[in-house]
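**Student:** Here's a structure for you.
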Amino acid sequence: MTINLTRIYTRLGDGGETHLGDMSRVPKTDPRIEAYGTIDELGAVLGVALTLPELPEGFGDWLRHIQNDLFDLGADIAAPDDSISSGAGPVATARRRSRRSPVCSPRGRG
């Protein structure tokens, strides 16, 4: 039997706010909400690309790597500001990715 959840109540009301990863509240218009939503959509697009039968050899591993890094980046953006300043934030994630990628490098070099 399938259960359909048609209404979910958080008892917080809308108020134009949402939670970050640490459960702090920010306006839904906060740029980081848009950023991690966009990053999540990009990860989904890569997931669709990974299902294509005509995907060139070697691209699958590369795309899965990028998809994983995007997931990490989204988590970093959803974290509170103090964790970003500790060096575990989006800049550190981007630097790790650029060191591993045979195609991309920081600032377009190489």
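**Student:** Mind listing which trypsin sites (Lys or Arg not before Pro) in the stretch 1-57 are in a DSSP loop and have 14 or fewer other Cβ atoms within 10 Å?
**Tutor:** Answer by residue number: 7, 11, 28.
**Student:** A follow-up question, please. In a shell of Cβ-Cβ distance under 13 Å around residue 36, excluding residue 36 itself, what net charge do Lys and Arg (+1) and Asp and Glu (-1) give?
**Tutor:** -4
**Student:** If each of residue 65 and residue 8 carries a label point 7 Å out from its Cα toward its Cβ, how far apart are those two points in nm?
**Tutor:** The modelled label-to-label distance comes out at 3.4 nm.
**Student:** Among 1, 23, what is the fewest-to-most ranking by other Cβ atoms within 10 Å? Each step should come with its number before you reach the end.
**Tutor:** Working: 1 2, 23 7.
Neighbour counts put them in this order, fewest first: 1, 23.
**Student:** Starting from the Cα-Cα distance between residue 25 and residue 55, subtract it from 0.36 nm times their residue separation and give me the gain in nm to one decimal.
**Tutor:** 6.7 nm
**Student:** Show me 39-47, 14-22, 72-80, 51-59 ranked by packing, highest mean number of other Cβ atoms within 10 Å first.
**Tutor:** Highest mean packing first, the order is 72-80, 39-47, 14-22, 51-59.
No value in this document is a laboratory result; all are computed from the given coordinates. Small disclaimer: the values here were computed from a predicted structure and weren't measured. For neighbour counting, all protein chains shown are included, and Cβ atoms are generated from backbone atoms with ideal geometry for every residue, glycine included.
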